[in-house]
1. Any idea of I46's accessible area? Nearest 10 Å², probe 1.4 Å.
2. Using only alpha carbon pairs under 8 Å that are at least six residues apart, calculate the relative contact order of the chain and give it in whole percent.
3. Over segment 64-107, give the accessible area per residue in Å² for a 1.4 Å probe, as an integer.
4. Against the 2.2 N^0.38 Å scaling, with N counting residues, where does segment 19-120 land? I'd like the Cα-based Rg ratio to two decimal places.
5. Taking the full set of protein chains and a 1.4 angstrom probe, give the accessible area of V35 in square angstrom, rounded to the nearest 10.
6. For segment 14-120, give the magnitude of the charge dipole about the Cα centre (Cβ charges: +1 Lys/Arg, -1 Asp/Glu; no others), in debye to the nearest 20.
7. Just add up the charged neighbours of Y62: K/R +1, D/E -1, any other residue whose Cβ is under 12 Å from the Cβ of Y62.
8. Counting Lys and Arg as +1 and Asp and Glu as -1, what is the net charge of the other residues whose Cβ lies under 14 Å from the Cβ of V28?
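The values are calculated or read from the model by the stated rules, or taken from the named source; none is laboratory data. For clarity, every value in this text was computed on a predicted model and none was experimentally measured. Every residue, glycine among them, receives a Cβ derived from its backbone with ideal geometry; neighbour counts consider all protein chains shown. The protein model used for the area step is the full one, side chains on, heavy atoms only, and it has no ligands, DNA or RNA in it. Shrake-Rupley method; radii C 1.70, N 1.55, O 1.52, S 1.80 Å.
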Amino acid sequence: MDTFQHKDSGIFNDTPRAALPNATAVLVLGIISIVGCLCYGVLGTICGIIALVLAQRDMKLYNLNPGFYFPTSYSNLKAGRICALIGLILSVLFMLFMICILAIIGLAGLQHPDQFFNNL
């Protein structure tokens, strides 16, 4: 007897497949979070957090039934999640940098207010 078990790759599978519901949205929000980190970090932080929450939901859906969804949809979801993480990290670092710069300028203005405001 032949004991070889054939794993179906999904090419000839009759079950209908669907795209993950938020895979494209996660990818778009992840890219926006990278670009949005230059908007004082606020836009990038918001888009990054939303993308990570949506990605977490879709990862749970995919892990429950991986054969039901397209592999390309899952690839888009992973790429969007990575972009969201990068955008979130860059946005938080940029926000911290801007807070430090504003604190330095504020402290300089408090130490010598007459000299500081005359030079502006």
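1. Its heavy atoms expose roughly 90 Å² to the probe.
2. That works out to 33 percent.
3. It amounts to 65 Å² per residue over segment 64-107.
4. 1.56
5. Estimated to the nearest 10 Å², V35 gives 100 Å².
6. In total the dipole reaches around 340 debye.
7. Net charge in that neighbourhood comes out at +4.
8. 0
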